[in-house]
Amino acid sequence: FDIDAALDGDTNRIDHSAVNEPSGQEEIRFSCKINLEAHAGAVYCLAFSPCGRFLASGSFDKSVRVWKVENASDGPKVSIHGAHAASIVDLAWSSDSTLAYSGGYDKHVKEWDVASGRSTPLTTFSTSGLVQAVQISHSDNLIYVAYVPERSWTRSIHTS
């Protein structure tokens, strides 16, 4: 994934060489700009902050990492080992990019203070099923969570 191209729109950095697929469709190949290595397991989710300066990653290894995009090769800005008791499957951000939210198969959504780098959650929300998706509505300041078995709920979150 080419972070620079994603942020500044310079698509000249992406290798657009086409390969004919058996289906007749073209395949676009992407080149790797930088490897962000810190997780001990597969990365299941990524989320850019609304300001575009941070990239959060969640993993099978139950950790959350937050990378400062401009110097991502220096390593994560925030590393939260054991953020959840099971795999992390989705991430979301507050509108001001100071708080990140992680959802996991441990039936929890957790709120993290990225600005301070704190490694304990500010808040933990519990559900009755495996969290599948987490989204923040910046217009009404609600957190939306989808979880199995096929239910969802909303919670109000504090404003900045």
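Computed quantities for the displayed model
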| read-out | value |
| --- | --- |
| Sequence-distant residues sharing a close amide H with K77 (under 5 Å, placed H) | V66, W67, K68 |
| Per-pair calculated FRET efficiency, R0 = 41 Å: K68 and S137 via Cβ, rounded to 0.05 | 0.95 |
| Of H84, I136, F54, farthest towards positive along the dipole that unit charges on Lys, Arg, Asp, Glu beta carbons give region 41-155 | H84 |
| Nonlocal amide H pairs with C45, under 5 Å, H built at 1.01 Å | G58 |
| Region 39-160, accessible area per residue, ligands and nucleic acids excluded (1.4 Å, Å²) | 47 Å² |
| Cβ-derived FRET efficiency at R0 22 Å, L46 paired with S116, nearest 0.05 | 0.50 |
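The values are calculated or read from the model by the stated rules, or taken from the named source; none is laboratory data. These figures come from a predicted structure and were not determined experimentally. Quick reminder, even Gly has a Cβ in these numbers, built from the backbone with ideal geometry, and neighbours come from all protein chains shown. Heads up: the accessible areas ignore ligands, DNA and RNA and are worked out on the full protein's heavy atoms, side chains in. Shrake-Rupley method; radii C 1.70, N 1.55, O 1.52, S 1.80 Å.
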